[in-house]
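**Q** Take this structure first; my questions come after.
A short reminder: the numbers here are calculations on the coordinates, not readings from a lab. Because the structure is a prediction, the values reported are computed rather than measured. Positions of Cβ are generated from backbone atoms using ideal geometry, with glycine treated the same way; all protein chains shown enter the neighbour counts.
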Amino acid sequence: MADSQTTGWQPIETAPRDGAFVLAFGKHNGALADCPIAIIQWWDDVGDWFSDGREYTFSPTHWMPLPEPPL
């Protein structure tokens with residue numbers, strides 16, 4: 001989970017690169033798509049962000065921590 005002090009959308013350059021999942025806003029195939037939001041994580045072995053189903057076409061520009069799950 002990201003730092004609880006971080007709120008709101010932040011530039012993607014400030015996102016954690018420790019394998020944590022974050023909520024991301026970005027572009028799909030270079031343009032805003034129907035759903036420009038994805039849950040992503042940084043993969044050191046490929047040096048890029050990964051999101052299931054969008055790993056090569058989703059370009060995040062901003063991120064925010066995932067909310068706490070419901071109990």
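**Q** How far apart, in nm, are two points set 7 Å out from the Cα along the Cα-to-Cβ line at I37 and at W9?
**A** Simple spin-label model gives 1.1 nm for this pair.
**Q** In what order do L71, L23, L66 fall by count of nearby beta-carbon atoms within 10 Å, going from fewest to most?
**A** On the way: L71 3, L23 18, L66 13.
Fewest to most other Cβ atoms nearby, the residues stand as L71, L66, L23.
**Q** Okay, next question. Quote the FRET efficiency, to the nearest 0.05, computed for D48 versus E68 with a Förster distance R0 of 22 Å and r equal to the Cβ-Cβ distance. Please list the in-between numbers first.
**A** Details: r = 27 Å, r/R0 = 1.24.
FRET efficiency, D48 to E68: 0.20.
**Q** Only counting other Cβ atoms within 10 Å, I'd like I37, I12 sorted with the fewest neighbours first. Please report the intermediate quantities before stating the final value.
**A** Numbers: I37 15, I12 18.
In order of increasing Cβ crowding within 10 Å: I37, I12.
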